[in-house]
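Contents: one structure, followed by commentary.
Coordinate-derived values only; no laboratory data. Everything quoted here is computed from the prediction, not taken from an experiment. Note that each Cβ is placed from the backbone with ideal geometry, even for glycine, and that neighbours are counted across all protein chains shown.
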Amino acid sequence: MKGKRAKYLGTALCCAAAALSVQGCGNSSADGKVEIEIVQYKPEAANYFKTVEEEFNATHDNIHLTISSPNDAMTILKTRFIREDYPDIIGIGGDINYSYFVDAQILENVADYEGMKDINQGYLEIAESLELIPTEGTYIVPYVANAAGILYNRDMFAEHGWQIPETWSEMLQLCDAIKEEGILPFYFGFKDTWTCLAPWNAMAVELAPSDTAKQVNRGQTTFTDQYRELAEKYMDLLPYGPEDPFAYGYNDACTAFARGESAMYPIGSYATPQILSVNPDLNIDSFVMPAGDSSEDRTLNSGIDLGFCVMDGCENKEAAYEVLNFLYQDENIQKYIDDQNAVPCKNGDFKLASMLDGMLEFIQSGNMTDYQDHYYPSEMSVDALLQTFLIEKDVDGFLKTFDTNWQRYNRDIIRMVQEYESSH
């Protein structure tokens, strides 16, 4: 194995994975075909990948493809890594787990993959920014992304003549205007803690540096310094939602918005299938969450929802790349987009769902910034921390706890980053 920086990782499973050598990628079956196995972490897309597997095997005589889409795939993958039972390709999101895997050096450098030239540069930059420390090479081929901001009822906006806000002050003025009409501006699903991250992430891309977590790890700033305005503005949203925003979960919020009980819903594009399952005729569009004083500063909160990584030591990269070529055919990406309301990471003439119309210019121009929570360790439970903050409304206490918990749960990574910085 290459050098073992993974001893600094915050999870024991990743540490163990780094210390193991990668075994048997791209083995041949009894009939002479090269066996390629993919494990991908999106169980909601299992039917799509079953179809891909069948179509690939029907059109390829030299390779047999198996795609697994298990529940709790990340736990399964980490367990398999410990057992030295590696798939050939993994399908994962661009989050802290990807960062750990890059640092553990268990992924193959795919910079030579020909299809990389067709990927939206914005998502390649997002992938690179996820590295805990600068690492030479490219280790993920972004497939599809999602986008978070504000979903809105297009017909309701047209009926009342409401305009899409481009600054924070315009946003608050819009909310006041909606309330004056006797309509609830927002529905929240804060009973489910993870939904507290959606508005937080959507505002953070404009109010905090995209590399806030890295700056903190380098000892250059604190979350107290960078997140104060973000925390204060988050509280300003609460009066525009239900009287008790913590009484309703994600499904409740989706249902309420679908039934026209609010004009807007601050959530990601991933919520639209759930909303449309309640009201298929709802005319939804979306816009970037404006959190600052200048419309020029707006950026779309978008990250890699699914990308593919070839495991390090793969004996048959050619076969793995042939599988990737099939996955990245325009028609297959379009099928995924249609099935999951996703955003393609590949450049091309794709038809996106109409509820992404308001975000299209940001996607096409590459004006996108990753989710802040993609840098948060799961052990820190930032979603629960946010929920507590929104209940208690104690900005100082929240920021102090955020900084304290960050030092606690990231001490090994902080040590690694600062050692790197001192030697470079």
Would you mind counting up the charge near residue 248? Only other residues with Cβ under 15 Å from its Cβ, with Lys and Arg at +1 and Asp and Glu at -1. -3
Going fewest to most other Cβ atoms within 10 Å around each Cβ, 194, 200 line up as 194, 200
With springs only between Cα atoms under 10 Å, which of 183, 284, 337 fluctuates most in a Gaussian network model of the chain? 183
Potential extension, residue 164-residue 66 segment - 0.36 nm per residue separation minus Cα distance: 30.7 nm
Between residue 423 and residue 403, 0.36 nm times their residue separation minus their Cα-Cα distance comes to what? 4.6 nm
Looking at the chain, what % of its DSSP beta bridges pair antiparallel, to the nearest 5? 65
May I ask you to sort 240, 48 by Cβ crowding, counting other Cβ atoms within 10 Å and putting the fewest first? 48, 240
For the chain, find the longest principal axis of its Cα atoms and tell me its angle to the long axis of helix 411-423, 0 to 90°, nearest 10. 70
Compute the acute angle (0 to 90°) between the alpha-carbon long axis of helix 46-59 and the principal axis of greatest extent of the alpha-carbon atoms of the chain; round to the nearest 10°. 40
Can you sort 128, 232, 108 from fewest to most other Cβ atoms within 10 Å of each residue's own Cβ? 232, 128, 108
Pulled fully out, how much extra length does the chain show between residue 412 and residue 259, if you take 0.36 nm times their separation in residues and subtract their Cα-Cα distance? 50.3 nm
Quote the FRET efficiency, to the nearest 0.05, computed for residue 279 versus residue 394 with a Förster distance R0 of 45 Å and r equal to the Cβ-Cβ distance. 0.75
Starting from the Kirkwood radius over alpha-carbon pairs of the chain, derive D by Stokes-Einstein at 25 °C in a medium of 0.890 mPa s and give it in µm² s⁻¹. 109
Obtain the nm distance between the two label points defined at residue 229 and residue 381 by a simple spin-label model: each point lies 7 Å from its Cα along the Cα-to-C-beta direction. 3.2
Once each part is reduced to its C-alpha centroid, what is the distance from segment 253-318 to segment 115-162 in angstrom? 10
Using only Cα atoms, find the angle between the long axis of helix 330-340 and the longest principal axis of the chain, and express it within 0 to 90 degrees, rounded to the nearest 10. 50
